[in-house]
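Here the structure comes first, spelled out in structure tokens, and everything after it is commentary.
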Amino acid sequence: MTDLRDYIERIEGEGELVRIGERLSPRFEIPAALQRFDGGKAVLFEDVDGYDVKVVGGVNGSRSRLLKALEVEPGGLYTRLQEAVRDAIRCGMGDGPVREVVVDEPRLNDFPVLTHFEEDPGPYITSGVVYARGPDGRAENVSFHRLLVIGQDRMAIRVVPRQLYRIMQMSREAGLSSLDVSISLGLHPAICVAAALPAPFGTSEFDVANNLLGGELRLTECEHVDALAPAGAELVLEGKLRLDETVAEGPFVDQSGTYDIERQQPVVELVGAMHREGYIYQALLPSGSEHRLLMGMPREVRIWEYVRNVVPTVKGVNLTVGGMGWLHCVVSFEKFREGDPKNVLMAVFAAHPSLKHAVVVDSDIDPYDMEQVEWAIATRFRGDEDLLVVPHVRVSSLDPSSDQEKELGCKVGVDATKPLGKRGFDKPGIPVSEEVRRLLDRYASASR
Ligand SMILES: Cc1cc2nc3c(=O)[nH]c(=O)nc-3n(C[C@H](O)[C@H](O)[C@H](O)COP(=O)(O)O)c2cc1C
């Protein structure tokens, strides 16, 4: 199973999808519904005002659903993602349902692109996964990029100076004036997770996704540009990324939940499209839990790697949704020496320079359950001994409380681990038989 469509069917069977049959507009109304369900079930909009296709959103909006989609246990996530990047598997090539309809002169108005927030400059494509190949024909890159619709066949694309940016530079140096790109929407969660991962330069994140999908991902050649796209995508926009033109992009509500600034960014000209018959348009609410989880997960892998150099057993790393998947981190680990927690805190900050606040907890605390984390702070933390304050240090440009121009602020680490060898810090258990435990589990899951 490598398609979004099969995945939607599966999560519906598991009670993880809400269908809304009433007519809703892509302008504000569908985003408002996505906000209402944020962090919970995925939502399928069956009647989209002005369009005869469906819209789905919030597909990757819960950690537990993402883990299930990747078929990993929480404790195995980071090694699985590391392995997928290390042992990326070349995708097979072939035909696929995305070629059912080929459009020669598409207009962006034909697609139900959402306008999300009140001061947005226009409709934004937010779940687009962009594929590009370098001028040597070998280096490939796949990453998410938001696209602002600025005309019937023109979009402004936000490109942070990373790998797509580097391919653009290489293409410019090779004398090209544009770069062919595919923009795929409506993808299995494993492809979305892979597209958010920082694979080494040149590696196609589609091949990383292929590892996560057991070697079953097929790609297809685009019709109008020299680029590849998943054969099972719902919709593929084919574009020419102009290397000689920029336009105003933004303001956009970023992961922080506040408006980012307007910038000069490149233009993508739409030259073709392919889609399934009756395709499902995939939406992603900017700053919603889906945005934060997909942004945070790759960083969690890095933090996990750094912390493992300091202590042998790391139970979990959570770049919390409340901390916008970027500024707040909780790490749970097995403490052996009294000095471990502060070393862990320093490793966490070194792994993710944008981080603002970090909390370390013992391995009996679930780092993904913020009530348990708060309990650990309440009972195991003392401000005079267990606090690490690092003033005047590089922080995230997304933190409005920092000096955003210089990216200067303050980092705070909280050691909420219990002192070794001292009693009175553990929660007493209630001894019951396996049979009673199973009975209670059954009632608890039935009442969910
Ligand atoms: C939902 C989502 C939206 C994103 N939007 C953008 C964007 O607009 N521009 C950008 O440069 N990176 C964006 N990113 C980040 C890149 O996808 C991410 O940094 C990716 O790892 C970069 O790939 P690279 O290492 O191949 O350069 C977004 C990530 C996610 C998960």
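The values are calculated or read from the model by the stated rules, or taken from the named source; none is laboratory data. In this text the structure is predicted, and so the values were computed from the model without any measurement. Note that each Cβ is placed from the backbone with ideal geometry, even for glycine, and that neighbours are counted across all protein chains shown. With ligands, DNA and RNA removed, areas are computed over all heavy atoms of the protein, side chains included. Shrake-Rupley method; radii C 1.70, N 1.55, O 1.52, S 1.80 Å.
Pairs meeting the criteria (first residue in segment 285-297 and farther than 15 Å from V56 by Cβ and more than 8 Å from the ligand (Cβ to nearest atom), second residue part of a helix (DSSP H, G or I) and open to solvent by less than 20 Å² (accessible area, probe 1.4 Å), beta carbons under 8 Å, at least 6 apart or on different chains) are L293/L66; M297/L66; M297/L77; M297/L81; M297/V193. Would you check if E71 is in contact with a Phe, Trp or Tyr (Cβ under 8 Å, 6 or more places away or on another chain), farther than 30 Å from H224 by Cβ and assigned to a loop (DSSP other than H, G, I, E, B)? No: the conditions fail for E71. Summed over segment 164-177, the residues that are out of contact with any Leu (no Cβ under 8 Å at 6 or more places or on another chain) and open to solvent by 30 Å² or more (accessible area, probe 1.4 Å) give a count of 7. Among the residues of segment 120-147, just one is of a type in the set (G, A, S), more than 7 Å from the ligand (Cβ to nearest atom) and outside any loop (DSSP other than H, G, I, E, B), namely A132. Going by the conditions given, is E245 open to solvent by 50 Å² or more (accessible area, probe 1.4 Å), of a type in the set (D, E) and free of Cβ contacts under 8 Å to residues at least 24 places away in the same chain? Yes.
The residues in segment 76-109 that are within 29 Å of V268 (Cα to Cα), open to solvent by 70 Å² or more (accessible area, probe 1.4 Å) and either at pLDDT 95 or above or touching a Phe, Trp or Tyr at 6+ places or on another chain (Cβ under 8 Å) (or both) can be counted, and the count is 7.
Residue check: F333 meets all listed conditions (1) touching a helix residue (DSSP H, G or I) at 6+ places or on another chain (Cβ under 9 Å); (2) in contact (Cβ under 8 Å) with a residue 24 or more places away in the chain; (3) open to solvent by 40 Å² or more (accessible area, probe 1.4 Å) but one, namely (3). The listed residues are I167, I261, I191, and the only one of them that is more than 19 Å from the chain's Cα centre (by Cα), in a helix (DSSP H, G or I) and of a type in the set (V, I, T) turns out to be I167. Among the criteria (1) at pLDDT 95 or above; (2) polar (S, T, N, Q); (3) open to solvent by less than 60 Å² (accessible area, probe 1.4 Å), the one N343 does not fulfil is (3).
Condition first: in a strand (DSSP E or B), more than 16 Å from the ligand (Cβ to nearest atom) and among the hydroxyl-bearing types (S, T, Y). Can you find one or more residues in segment 96-119 that meet it? Looking for residues that are in a strand (DSSP E or B), more than 16 Å from the ligand (Cβ to nearest atom) and among the hydroxyl-bearing types (S, T, Y), one finds at least one in segment 96-119, hence yes. Sort out which residues of segment 264-291 are more than 23 Å from the chain's Cα centre (by Cα) and of a type outside the set (A, V, I, L, M), and write them in order of number. If the condition is that a residue be more than 23 Å from the chain's Cα centre (by Cα) and of a type outside the set (A, V, I, L, M), then Q264, E269, G272, H275, R276, E277, G278 are the ones that fit. Determine whether segment 385-400 contains at least one residue that is surrounded by fewer than 20 Cβ atoms within 10 Å (Cβ to Cβ), charged (D, E, K, R), part of a helix (DSSP H, G or I) and at pLDDT 95 or above. Scanning segment 385-400 turns up no residue that is surrounded by fewer than 20 Cβ atoms within 10 Å (Cβ to Cβ), charged (D, E, K, R), part of a helix (DSSP H, G or I) and at pLDDT 95 or above.
You will find that of D136, D120, the residue that is of a type outside the set (S, T, N, Q), under 22 Å from A33 (Cβ atoms) and surrounded by fewer than 21 Cβ atoms within 10 Å (Cβ to Cβ) is D120 and no other. For segment 148-162, the set of residues classified as near the ligand (Cβ under 8 Å from one of its atoms) and within 18 Å of S127 (Cα to Cα) consists of I157, R158, V159, V160, listed by residue number. Look at P135 and say whether it is more than 19 Å from the chain's Cα centre (by Cα) and within 25 Å of S25 (Cα to Cα). The answer is no for P135. Taking residues in segment 144-162 that are under 19 Å from G134 (Cβ atoms) and of a type in the set (A, V, I, L, M), and partners anywhere that are open to solvent by 70 Å² or more (accessible area, probe 1.4 Å) and within 14 Å of the ligand (Cβ to nearest atom), the pairs with Cβ atoms closer than 8 Å and at least 6 places apart or on different chains are V159/Y165. Taken over segment 401-422, the criterion of being modelled with pLDDT under 90 and either surrounded by 13 or more Cβ atoms within 10 Å (Cβ to Cβ) or of a type in the set (F, W, Y) (or both) is satisfied by S402, Q404, E407. Hey, any hits in segment 59-69 for a residue that's touching a His at 6+ places or on another chain (Cβ under 6 Å), within 12 Å of A283 (Cβ to Cβ) and in contact (Cβ under 8 Å) with a residue 12 or more places away in the chain? No, there is no match, as no residue in segment 59-69 is touching a His at 6+ places or on another chain (Cβ under 6 Å), within 12 Å of A283 (Cβ to Cβ) and in contact (Cβ under 8 Å) with a residue 12 or more places away in the chain. Sort out which residues of segment 396-412 are within 14 Å of P353 (Cβ to Cβ), out of contact with any Phe, Trp or Tyr (no Cβ under 7 Å at 6 or more places or on another chain) and in contact (Cβ under 8 Å) with a residue 60 or more places away in the chain, and write them in order of number. Result: D399, single match. Of the residues examined, L213 is one that is modelled with pLDDT of 95 or more and either within 17 Å of R133 (Cβ to Cβ) or more than 13 Å from the ligand (Cβ to nearest atom) (or both).
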